[in-house]
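Only one structure is covered here, and it is reproduced in the block below.
Values quoted throughout were computed directly from the atomic coordinates according to the rules given, and no laboratory measurement underlies them. Keep in mind it's a predicted model, so treat the numbers as computed, not measured. Ideal geometry is used to build each Cβ from the backbone, glycine not excepted, and the neighbour counts take in all protein chains shown.
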Amino acid sequence: MGDPVVFVEIPTTDVEGAVAFYGAVFDWELTEVVPGEFWRVGTGRRPNLGIMRSDTVGSGPMTRVYLQCDDPTATVARAVAAGGHELWAERPLLDLGRSAAFTDPFGVEVVAWRWNPGRGGAWPADG
C-alpha cells in the first residue's frame, strides 16, 4: 500500500474570506493557528485540512478537493449563496456515488461527494 494522504491545504489570497465561506458551506470548526496566515479545519475525520494564505493562487491545472457530504445539491447551493460558483449539478459517478461541484470565491475547485451506500463508503479495491 502506498503512503497515505496526511494533510490537504486550501490556498487563498483572502484567509478571512475563505474561513467565512467554508464555515458557511460546511459548518466546520475553524481555529486560527497563525494569525492572518493559517487556520486549522476540524471536520472530525482525517486527513487533516487547513486554509493557508498565499500571495498568489495558481493558474492552470490544480488539485481538485473532494469533500464528503450528505447532499451534494444542497452543499453547492450553500456554496453559491456564500459567493461560490457552480461547476456542475449533481450527477452519478459510475456506481460509486454522486457529486456536484463548485469553485470557492477564490478559484479553488471543490467537489461535494456522497458515497453510494451500497458501496460501503470505499473506493473499489486496487487490482
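How high is the FRET efficiency between Thr31 and Trp115 when r is their beta carbon distance and R₀ equals 22 Å, given to the nearest 0.05?
Numbers: r = 28 Å, r/R0 = 1.25.
Efficiency at R0 = 22 Å is approximately 0.20.
Roughly speaking, what is the stretch gain from Glu9 to Glu90, that is 0.36 nm per residue apart minus the C-alpha to C-alpha distance, in nm to one decimal? Mind showing how you got there, number by number?
Numbers: separation 81, 0.36 × 81 = 29.16 nm, distance 2.47 nm.
Residue separation times 0.36 nm, minus the Cα-Cα distance, leaves 26.7 nm.
Divide, for the stretch 14-110, the radius of gyration over alpha carbons by 2.2 N^0.38 Å, where N is the residue count.
Working: Rg = 13.6 Å, N = 97, 2.2 N^0.38 = 12.5 Å.
Against the compact-globule rule of thumb, the ratio is 1.09.
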